[in-house]
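Remarks on the structure that follows.
The values are calculated or read from the model by the stated rules, or taken from the named source; none is laboratory data. Please read all numbers here as calculations on a predicted model, not as lab measurements. For neighbour counting, all protein chains shown are included, and Cβ atoms are generated from backbone atoms with ideal geometry for every residue, glycine included.
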Amino acid sequence: MPTLPRVSIITPSYNQAQFLEQTIRSVLDQNYPNLEYWVIDGGSTDGSLEIIQKYAEKLAGWVSEPDRGQAEGINKGLARATGDIVAWLNSDDVYYPGAVEAAVEALDANPQVSFVFSDVESIDEAGKPFHRMRYGHWGLADLMRFRIIGQPAVFIRRAHLAQTGLLDPSYHYLLDHHLWLRLAALAEPVYVPGELWAAARMHASAKNMAQAAGFAPEALQLAKWILQDPRFEPLASQMERQIWAGAYRLAGFYLMESGQAGKALSAYARSFWFTPGIALQDWKRILSTFASVLGLRGLAESLRSASRQRYQQAHRK
């Protein structure tokens, strides 16, 4: 019987003891026989260390020391990983049973791809599911338009990661999308429809809620990089207006999440100017932004709630 490929999972963590044990258990309970698991802690002071030590014998290894952010923590783990397949699971997210095995099967069935991904379920602070984020058969062109894939359900072929390099520490919010683009430029990814491998926890201290404003400038930085990097030519030149439209649309969403309605409206206007069809995918969100600017708070919140649920089908950090 052939040996199953080794899968390396990395969990970066910093002061999330409230969720960390559930994350660790979701990895260790995968029952995949060739699993390597690293926990990379950034020097937590909230009891996380005691949780990590509780499971230390079942880990390939762990560290707890200050770092310069999420990207550096993940990179520490990736540098230690020896698996043929690698992934990271943040310390507030969870895998569902059978996720690793299903991802291995998908990669085995598609030997030409750089990574595979499935849908992701949104769960609340208590772990209760409330929404399924559905993706699609998105390739490089879609990623260049800022179609955002749920990171917890991504599994990467390590041979391709070795060619593209690790996460870029200069990105703090769209660091995963930056990597997906580099991988997709090398070999297209594959979406596995109907599968649900992971859950993403939505809570007040999550980066996409607590630091929403930070996503906007990074989206524009990423668009500029796409248009300057030769790996994306000639496609980038052909798609320039769509790339900017996608970046400004994403910026508009996160600026609105951070309560900056005026700046959000400006970003949406720029998105519309570049490619109306991309901007109008968020038409309810745009109306909500208008209502906020006009002081119609009740209408704005109603439209915002409806559009947020729809938007989460394709966007999560």
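Out of curiosity, is residue 71 under 22 Å from residue 169 (Cβ atoms), part of a helix (DSSP H, G or I), more than 19 Å from the chain's Cα centre (by Cα) and assigned by TED's automatic domain parsing to the domain that holds residue 152?
no
From the set of residues in region 1-49 that are outside any strand (DSSP E or B) and aliphatic (A, V, I, L, M), which is surrounded by the fewest Cβ atoms within 10 Å (Cβ to Cβ)?
1
Just for strands (runs of 3 or more DSSP E) wholly inside region 107-222: which have at least 1 residues that are surrounded by 19 or more Cβ atoms within 10 Å (Cβ to Cβ), in the same structural domain as residue 91 (by TED's automatic domain parsing) and among the β-branched types (Val, Ile, Thr)?
The qualifying strands (runs of 3 or more DSSP E) are 115-123, 154-157, 190-201.
Is region 50-66 home to any residue that is under 26 Å from residue 162 (Cα atoms), modelled with pLDDT of 95 or more and assigned to a loop (DSSP other than H, G, I, E, B)?
Within region 50-66 (the criterion being under 26 Å from residue 162 (Cα atoms), modelled with pLDDT of 95 or more and assigned to a loop (DSSP other than H, G, I, E, B)), the answer is yes, since at least one residue qualifies.
Just checking, does region 28-38 include any residue being over 27 Å from residue 121 (Cα atoms) and either hydroxyl-bearing (Ser, Thr, Tyr) or under 23 Å from the mean Cα position of the chain (by Cα) (or both)?
Checked against the condition, which is being over 27 Å from residue 121 (Cα atoms) and either hydroxyl-bearing (Ser, Thr, Tyr) or under 23 Å from the mean Cα position of the chain (by Cα) (or both), region 28-38 yields no hits at all.
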